[in-house]
1. How long, wide and thick is the chain, going by the Cα atoms along their three principal axes, in whole angstroms, largest first?
2. Which value in Å is the Kirkwood Rh of the range 181-251 over different Cα pairs?
3. Label residue 209 and residue 227 with points 7 Å out from Cα along Cα→Cβ: what is the distance between them in nm?
4. Give, as a single signed number, the net charge of other residues whose beta carbon lies under 13 Å from the beta carbon of residue 156, with Lys and Arg counted +1 and Asp and Glu -1.
5. Pop a pseudo-label 7 angstrom from the Cα along the beta-carbon direction at both residue 84 and residue 171 and give the gap in nm to one decimal.
6. With a sphere of radius 13 Å drawn around the Cβ of residue 223, what net charge do the other residues whose Cβ falls strictly inside it have (Lys, Arg +1; Asp, Glu -1)?
7. Calculate, in nm to one decimal, what residue 189 and residue 136 gain on full extension: separation in residues at 0.36 nm each, minus their alpha carbon distance.
8. Run the helix sum for the chain: -39,500 (n - 2.57) per DSSP H stretch of 4+ residues, divided by residue count, reported at 222 nm to the nearest 500 deg cm²/dmol.
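The values are calculated or read from the model by the stated rules, or taken from the named source; none is laboratory data. Note that this is a predicted model, so its numbers are computed, not measured. Positions of Cβ are backbone-derived with ideal geometry, glycine not excepted, and every protein chain shown enters the neighbour counts. Each accessible area value is taken on the protein alone, full model and side chains, heavy atoms only, with ligands, DNA and RNA left out. Shrake-Rupley method; radii C 1.70, N 1.55, O 1.52, S 1.80 Å.
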Amino acid sequence: MQIIPLPAFRDNYIWLLRHGTTATVVDPGDAAPVLRYLADEGLSLSAILITHHHSDHVGGIEALLASHPAPVYGPARESIPAITRPVGDGEVVSVPGADFQVIDVPGHTAGHVAYYAAPMLFCGDTLFAAGCGRIFEGTPAQLYASLERLAGLPGDTQVYCTHEYTLSNLAFAAAVEPANSAVTERIARCQALRADERPTVPFQLDGERHSNPFLRTREADVVRQAEAQAGRSLNGPEEVFAALREWKNRF
Ligand SMILES: [Zn+2]
């Protein structure tokens with residue numbers, strides 16, 4: 001199986017899983033790059049996987065189905081008209097080349113799901129490289145629990161998130177922990193990739209605990225900075241997480 005990033009909009013990636021002459025796409029917000037790739041490579045579409053209802057993740061479904069009928073898997077707890085196979089936590093989604101386990105990861109949106117088939121994780125707008133999604137519908141406690149759940153997957157997990165936000169996330173990480181050398185090193189690595197116009201994703205999960213501030217809410221430096229920003233003392237990692245997320249929104 002080959003996994004291809006199809007850039008879309010300003011900074012989205014539509015992931016295309018190529019297996020033989022078939023393709024599965026994840027979060028096709030725009031049909032055009034997918035249709036072009038399928039035509040150029042002579043592939044048929046076997047399935048569409050959707051993580052959540054935002055238009056930059058679902059906007060291309062109708063146009064794709066018009067010429068490539070395929071089942072559309074997506075979160076049962078969100079209202080997405082094009083979904084034909086609603087799925088939720090613990091269910092298995094089988095596509096050519098992989099059997100994905102569905103993981104509920106609410107927080108960015110209320111019904112957000114992720115798809116995991118070792119070592120691949122497609123997690124939409126939940127966990128980003130060195131960051132996490134905004135909280136639009138859920139609560140900080142929900143997103144915190146979702147991130148911790150994803151962070152508990154095996155260290156060799158390859159995380160395919162849907163945005164190229166890494167450098168701006170790392171700028172925030174450096175503001176939270178100016179003395180964290182893992183952050184400094186990661187910035188250098190990712191700047192080199194971007195200078196070559198290469199994606200910084202996927203990324204391997206086991207490095208994330210070292211440079212993603214949202215997974216470092218128990219670190220003394222992180223707690224201290226979050227408290228300084230919040231202007232009060234914070235009670236436990238969930239409150240630190242909420243304060244960090246709040247700070248990042250206006251960073
Ligand atoms: Zn989103």
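1. Reported extents, whole Å, longest axis first: 55, 39, 30.
2. Kirkwood hydrodynamic radius for the range 181-251: 13.5 Å.
3. 2.4 nm
4. Details: positive: none; negative: 206, 208.
Here the charged neighbours net out to -2.
5. Label-label distance for residue 84 and residue 171, simple model: 4.3 nm.
6. Numbers: positive: 216, 218, 224, 232; negative: 177, 219, 221, 227, 238, 239.
Net local charge, residue 223 excluded: -2.
7. On the way: separation 53, 0.36 × 53 = 19.08 nm, distance 3.06 nm.
Computed gain between residue 189 and residue 136 is 16.0 nm.
8. Working: 9 runs with 87 residues, N = 251.
It comes out at -10000 deg cm²/dmol, rounded to the nearest 500.
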